[in-house]
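No lab work stands behind these numbers, since they all come straight from the coordinates. For clarity, every value in this text was computed on a predicted model and none was experimentally measured. Note that we place each Cβ from the backbone using ideal geometry, even for glycine, and neighbour counts take in every protein chain shown.
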């Protein structure tokens, strides 16, 4: 049986002040911090693909983590479990990135 894919850091969309204007952008954040801050938009930090959030409402459950929604993203993302199962595979960005 394969172990569950667990990624503990993700990118979250947040507001930045650049050149005197507010703009949305992506920033790295731990999954537990993203949960605590009620972040609604997040993606894989490596392939920019869509991910599922795990551990959101479990006080004594597993450490909060994310998992790729798409099998294809997991197969070609350096953080993906399926990527690690196939040595020699070239990593690439998601074909359907979260923008």
## Note on the structure
Highest GNM mean-square fluctuation among 82, 72, 24, for the chain with Cα springs under 10 Å, belongs to 24
### Summary
Most exposed to least, judged by fewest other Cβ atoms within 10 Å, 35, 66 sort to 35, 66
### Message
Quick check on the exposure proxy: order 18, 92, 43 from fewest to most C-beta atoms within 10 angstrom.
### Response
18, 92, 43
### Message
With 10 angstrom as the radius, rank 33, 73 by how many other C-beta atoms surround their C-beta, starting from the fewest.
### Response
33, 73
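For the chain, what is the mean residue ellipticity at 222 nm derived from helices alone (per DSSP H run of n ≥ 4: -39500 (n - 2.57); sum divided by total residues; nearest 500 deg cm²/dmol)? Present the calculation step by step, with values, prior to reporting the outcome.
On the way: 3 runs with 16 residues, N = 99.
About -3500 deg cm²/dmol.
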### Message
Averaging the inverse of every distinct alpha carbon separation and then flipping it gives the Kirkwood radius. What is it for the chain, in angstrom units?
### Response
14.3 Å
### Query
Of 80, 49, 20, which has the largest mean-square fluctuation in a 10 Å C-alpha GNM of the chain?
20
